[in-house]
Amino acid sequence: MENIVIHGQKRLNGEIEVHGSKNSALPILAATALVNGVSEIHNCPRLSDVEAAIKILAHLGCRVSRTDHTVTVDASGMNGCEIPDALMREMRSSVVFLGAILGRAKEAKLSTPGGCEIGLRPIDLHLSAMEQLGAMLKEDAGKLQFTAPDGLTGARITLTFPSVGATENIIIAAATAKGRTVLTNAAREPEISDLADFLNACGARIHGAGDSTVVIDGVETLHGTSHTVIPDRIAASTYLLAGAVTQGRICVRDIIPAHLGALLPVLKEAGCDLRCSGRWICLSAPPRLHRVKMTRTMPYPGFPTDVQAPLSAMLTVADGTSVIVENIFESRYKHAGELVRFGAKISVEGRTEVIEGVPYLTGVHTTAPDLRGGFALMIAGLAAHGETVLSGVEHIDRGYEAPEAVLASLGADVKRVQDYGREKQAYEQKCEQADNDNPTESADGKHTVSTAPPEYIETDNTAHGA
Ligand code: UD1
């Protein structure tokens, strides 16, 4: 079993790049199934969810290859229309393949994605939209079978909630439907504009993606293209929060700062100094973070639900009481119980989480409850005194590429280990040796933020500059 082991209290310092957006890469890879030709997708992150999408494409009869961060999909010989149960279970967002399969093969078979670690994830909006585009649906014991023998036909569709996945499925399905589709109350996430940019480069006619009304004029076929996925705004946000919790000074490069528009005021309220340019954000955190009075998750451009758990972790050591309201998913506080084990003071009632900042956390053995909640526990581990051992690492690998390497490049003491018992013994020997050699330095010679658990971190102002 793999673990991530963190020895906390190391101030993060330095510069990183983030990988391509998972939430863009997934619908774009799904959309390649609609293309009668070869799609070359660059900046495709190395994540288990992306690997699952690649397996689905291969199962559908597409020829897929990957070189580093480029995935090439030749869908010209696609001959399948079914996603087997095992692959549906491997990636919960595999429903985003529905529109592409149906558009290309005129039929699609899949099972319902089932429950999810962040609450029930119904797909009613996806199903009803496909029916509005002319597909017939038969449902039997969790199996969904769609048919559209004469192809799909454009329609006026209004979503009752701006679901990201449903918006993507509709855009993909409508791209080659007959006639015009007008989608209102569409989600406005940057990943939707990225998907539309890819499809338009393939010959689609999609207007208004990124706004709440999207107009899609169906075209007969799509041709191959080459596309670069946008940077991952959620990963960028997560690393900024990790920097903040360690009193760090970090720069995140090659991102689109406007995509982090809702996080920046929150970081400022927490006392962080921020500098942004067209492609980067630099953060310098204060000796003690301030509380953030109220954060509400909302559809884009509001505060992203995917950043809620990492923010909760950061606020556990802020000075004062912070409140977060989760408006998107009904059960997205599974990390809270684990944060309490670090010594955090958190209470959750319904959709509201109240975090009373404590002076310090103490490392624990803990398990990632889900993707973002898992990284939240890593953030707690970075702030905590002592050792944190995290299991359930496979959740984190769904959305963050080699997070231990990224954090280590910033000076964190974070490792992925296969055999925790053996690593622990080696670490203790190293500490003992370091103590013998130089009683004032840490085992790895890195700058330690503080050595005294009961008082909060003493800041070295020279490390922060003026
Ligand atoms: C996408 C993101 C996910 C993010 C979420 C919200 C991907 C791969 N995943 O997920 O990281 O947390 O957006 O920003 O892009 N709903 C229904 N019926 C439906 C569809 C959704 O009731 O048919 C509800 C969901 O239960 C949830 C809310 O709508 O409460 C938002 O879901 P949605 O926007 O669809 O999220 P996903 O596309 O699944």
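The values are calculated or read from the model by the stated rules, or taken from the named source; none is laboratory data. Treat the numbers as computed from the prediction; the structure is a model and nothing was measured. When we count neighbours, we look across all protein chains shown, and the Cβ atoms used for this are built from the backbone with ideal geometry, even at glycine. Each accessible area value is taken on the protein alone, full model and side chains, heavy atoms only, with ligands, DNA and RNA left out. Shrake-Rupley method; radii C 1.70, N 1.55, O 1.52, S 1.80 Å.
Entry remark, region 165-196: residues being open to solvent by 30 Å² or more (accessible area, probe 1.4 Å), outside any strand (DSSP E or B) and within 16 Å of the ligand (Cβ to nearest atom) number 3 in total.
Out of the residues in region 59-108 meeting the condition of being among the hydroxyl-bearing types (Ser, Thr, Tyr) and in a strand (DSSP E or B), tell me which one is nearest to residue 399 (Cα to Cα). Within region 59-108, the match that is nearest to residue 399 (Cα to Cα) is 70. The set of residues in region 51-75 that are more than 19 Å from residue 224 (Cβ to Cβ) and within 19 Å of the chain's Cα centre (by Cα) comprises 51, 52. Considering region 29-52, the residues that are open to solvent by less than 10 Å² (accessible area, probe 1.4 Å) and touching a strand residue (DSSP E or B) at 6+ places or on another chain (Cβ under 6 Å) include one that is farthest from residue 72 (Cα to Cα), namely 45.
Rundown of residues vs (1) more than 21 Å from residue 400 (Cβ to Cβ); (2) among the β-branched types (Val, Ile, Thr); (3) within 19 Å of the chain's Cα centre (by Cα), yes/no style:
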site: 198; (1), (2), (3): yes, no, no
site: 213; (1), (2), (3): yes, yes, no
site: 226; (1), (2), (3): yes, no, no
site: 238; (1), (2), (3): no, yes, yes
site: 257; (1), (2), (3): no, no, yes
site: 292; (1), (2), (3): yes, yes, no
site: 298; (1), (2), (3): yes, no, yes
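Residues in region 250-305 that are among the charged types (D, E, K, R) and closer than 22 Å to residue 192 by Cβ: 254, 279, 296. Looking at 462, 451, just one residue is modelled with pLDDT under 80, closer than 29 Å to residue 316 by Cα and part of a helix (DSSP H, G or I), and that residue is 462.
Residues of region 329-350 that are among the acidic types (Asp, Glu) and exposed (fewer than 15 other Cβ atoms within 10 Å of the Cβ): 330, 349. Taking region 265-304 as the range and being within 14 Å of the ligand (Cβ to nearest atom), free of Cβ contacts under 8 Å to residues at least 40 places away in the same chain and either closer than 17 Å to residue 235 by Cα or crowded, with 23+ Cβ neighbours inside 10 Å (or both) as the test, only 297 passes.
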